[in-house]
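Reviewing the structure listed below.
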Amino acid sequence: MSETGAQQLQLEQLLRDRSSSGALESLAELDRERFLAAFSSASRKFGKKALLLDDAERRALHAAGITWSLEGWSTDELARVVALARIATHLRPAASDASLAPGAAAASGVAASGAMAPGAATSGAVTSGAAAASGAMAPGAATSGAVTSGAAVTSGAAVTSGAAAASGAVTSGAAAASGAVTSGAAAASGAAASGAAADAMVDLVRECYARGDNRERSAVLRALPFLPGGAELVPLAVESCRSSVDTVFGAICCDNPFPADHFPEGSFCQMVIKALFTGTPVARIVGLRGRTTPELVRMAGDFASERRAAGRAIPDDLQLLLGPTPSRGET
């Protein structure tokens, strides 16, 4: 089982321990409009209690790779995260199933390589030896309906080794017959299906965010680490950093590994500086140490200088980026 699958199972177990079976059934809805309705109504069905974890649950989450804190979550947020993870997992395999395995053969008995599939026949007789009739044709010639595999026999004429295929015959390396799917075509078809599924998932996640209230938007952002195709969801996550709602900004900025894992440098730096500016706890930014760059240090230094010049307090969190901050009056 993949790490994402193990994490999803752990989240579902947390929800199962805190919910009724009837409420859980509502999360199995895969129809788009019904899913959106169930996503919206999660607060009513699951409640808004804080997600209080015991030590055993924390250990199980950590073992599954969920090493960041879920302490700020509520039960309705957990339900929405589980719902999104379920439907995203449903959408993605639909793409992989649509593609054929490399080298798979397709229609009309024609192999993907372009060679005739075993047992396929064209009009004419195939021989695996040589039977020469009177009036044998010169090398390179072919009679109507003959297929070469060394030599072919037709009525009154023979085709010698190396002869070209006759009308309707297929030889190794020849173009596939009408209706055949080559391995390249299968790959292209699979890629198109995969792209369509990815688009469907991203569109659904964006719609949940766009239509949702602040609680629903926070849940969408908390769900991002558990969804496939992280890079495709970066624009939504970066856009959410512009929110003026503290809880929404906190859902992407705090206790969420998605920004450290996927944000480009500029977007990550801007998120950290906004956290300093708004008083959002920088210590709760997952992966901050690994994403601290000279540019981020410079921006944090500029922020500190502006605060000092304005006679305003320097956030304690700034020391995570610049080291200990001198107390007022020190040089």
What are the residue pairs meeting all of these: first residue in the range 1-16, first residue closer than 13 Å to Arg86 by Cα, second residue among the basic types (Lys, Arg) and modelled with pLDDT of 90 or more, Cβ atoms under 8 Å, and 6 or more apart or on different chains? Gln8/Arg86
Check Ala231 against each of (1) more than 23 Å from Ala79 (Cα to Cα); (2) hydrophobic (A, V, I, L, M, F, W, C); (3) at pLDDT 95 or above and name the one condition it does not meet. (3)
Quick check on the range 262-296: of everything there that is without any contact (Cβ under 8 Å) to a residue 60 or more places away in the chain and charged (D, E, K, R), which residue is nearest to Glu239 (Cα to Cα)? Lys274
Of the residues that sit in the range 258-279 and are outside any helix (DSSP H, G or I) and surrounded by fewer than 20 Cβ atoms within 10 Å (Cβ to Cβ), which one is modelled with the lowest pLDDT? Gly279
Condition set small (Gly, Ala, Ser) and in a helix (DSSP H, G or I), scope the range 1-16, selection modelled with the lowest pLDDT: answer is Gly5
Ala83, sole failed condition from (1) in contact (Cβ under 8 Å) with a residue 24 or more places away in the chain; (2) not in a helix (DSSP H, G or I): (2)
So which residues in the range 299-318 are surrounded by 13 or more Cβ atoms within 10 Å (Cβ to Cβ) and assigned to a helix (DSSP H, G or I)? Met299, Ala300, Gly301, Phe303, Ala304, Arg307, Arg308, Asp317, Leu318
Within the range 218-255, residues crowded, with 20+ Cβ neighbours inside 10 Å and not hydrophobic (A, V, I, L, M, F, W, C) come out as Ser218, Arg222, Pro225, Ser240, Gly250
Can you pull out the residues in the range 230-244 that are more than 14 Å from Met271 (Cα to Cα) and among the hydrophobic types (A, V, I, L, M, F, W, C)? Ala231, Leu233
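Residues checked against (1) touching a helix residue (DSSP H, G or I) at 6+ places or on another chain (Cβ under 6 Å); (2) among the hydrophobic types (A, V, I, L, M, F, W, C):
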residue: Ala200; (1), (2): yes, yes
residue: Asp203; (1), (2): no, no
residue: Gly212; (1), (2): no, no
residue: Glu216; (1), (2): no, no
residue: Ala223; (1), (2): yes, yes
residue: Val245; (1), (2): yes, yes
residue: Glu265; (1), (2): no, no
residue: Phe268; (1), (2): yes, yes
residue: Phe277; (1), (2): no, yes
Asp97 among the acidic types (Asp, Glu) and at pLDDT below 90: yes
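The values are calculated or read from the model by the stated rules, or taken from the named source; none is laboratory data. The model shown is predicted, which means the values in this text are computed figures rather than measured ones. Cβ: placed from backbone, ideal geometry, glycine included. Neighbour counts: every protein chain shown.
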